[in-house]
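First up is the structure itself, then whatever we jot down about it.
Please treat every number below as a calculation from the coordinates, not as lab data. Since the model is a prediction, treat every value here as computed from it, not as a measurement. Note that each Cβ is placed from the backbone with ideal geometry, even for glycine, and that neighbours are counted across all protein chains shown.
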Amino acid sequence: MNRLQKLRQHLAVQGLDALLVSQSQNRRYLSGFTGSTGWLLISATVSAIAVDFRYVEQVSTESPDFEVLHIKGDLPHWLPSLVADFGIKKLGFEANHITVATYQQLCNAMSQGQHQLQLIPTAGIVESLRTTKEPAEIKSIIEAAALADAAVNYARTIVQPGMSEREIAWELEEFVREKGSEAIPFDFIVASGPNSAMPHARPTKRIVAKGEPILLDIGARVEGYCSDLSRTLCIGDEDKTFSKIYNIVLGAQLTALATITAGISGEQADKLGRSIIEQANYGEAFGHGLGHGIGLETHESPRLGHGSTDVLAEAMVFSVEPGVYIPGWGGVRIEDTVVVENGKIRSLTQADKTPNI
């Protein structure tokens, strides 16, 4: 209910009578409902969930403090009359999660029914509440981080020449699920040799070999909350290029972890890690941001990167993941899930950063 109180304060400031929540993680955050579809209607006096027959019983169990509205048909068929019954005149909706086609259908339905309702697009209202984590949320992320750590430790025992990227990815996914993870938060990345030069490479049939980078990007999910962890491994002795690139990236990450503090912007945080890579003349090979928020989604606010005005604050959880990617050779990324505590960074993932296996 504290989350709803904060949301209602935002609605009052923005002059909205109510907010229609359609984004799945926002819906879960506010109500506890984990179904794949449904709508929240939140006003100063209303806390309701609109679902079809499939979810009526589930909502009653997961969201006992919410009024359950049993709906039939698409949004334009039932929303206009519903908001009229509640006396809502200015309705905010999540513009990033309702299609133009649905919006147009809503407008048509309201004009035909002569409903005096303003549809007002909004962005980031609930997401801004989710940015700062409560203790129970951090606890779930810590558990998810421990699963990811364990998976990296497991990888060190099984990865060997002759295995394909896909085999390794499946072994790691199976491991985290058997150890208690809910559905994995994203498709695992296992990229070896030249493939590791692609930051979001998909596992292929390529066979891993000695002396080359093997980039792992994995995570787990506990009570809906995610972890995100990257390590770059090398079977046997690494070559000079690997050692050079790895030490640059590790230096960038350790610098960022030691110097990021509450109160700085996402852009300033990004520069703390990026400057080390730029000083080594590999700035052009670090093409993504230093990090991103982690919670119910693996990519949420705050954003640590160029142009980000997000201000880092206590209890925010995000990744710190510098990388260098060289086409034709490969890449190195080292990533941890961290939390801001007492104004500084504490790493929640703690897997060994030694590359050699």
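Miscellaneous remarks
- Estimated distance in nm for a label pair at A95 and A262, the labels positioned 7 Å out from Cα along Cα-to-Cβ: 3.2
- In a fully extended conformation the segment linking E284 and S128 would gain 53.0 nm over its present Cα-Cα distance, using 0.36 nm per residue.
- Restricting the trypsin sites (Lys or Arg not before Pro) of the stretch 26-104 to loop positions (DSSP other than H, G, I, E, B) with no more than 14 neighbouring Cβ atoms within 10 Å leaves K72, K89.
- Shape category assigned to the stretch 135-347 from the gyration tensor of Cα positions, a/c cut at 1.5: oblate
- Per-pair calculated FRET efficiency, R0 = 30 Å: V56 and E182 via Cβ, rounded to 0.05: 0.80
- Farthest positive-ward along the stretch 2-130 dipole, Cα basis, beta-carbon charges - from L41, L7, L119: L7
- Over the chain, Cα pairs under 8 Å with separation of 6+ residues give a relative contact order of 14 percent.
- For the stretch 304-316, Karplus couplings with θ = phi - 60° (6.51, -1.76, 1.60), whole Hz, Gly/Pro x: 9, x, 4, x, 6, 9, 4, 9, 6, 9, 3, 6, 7
- Beta bridge orientation in the chain: antiparallel %, DSSP, nearest 5: 75
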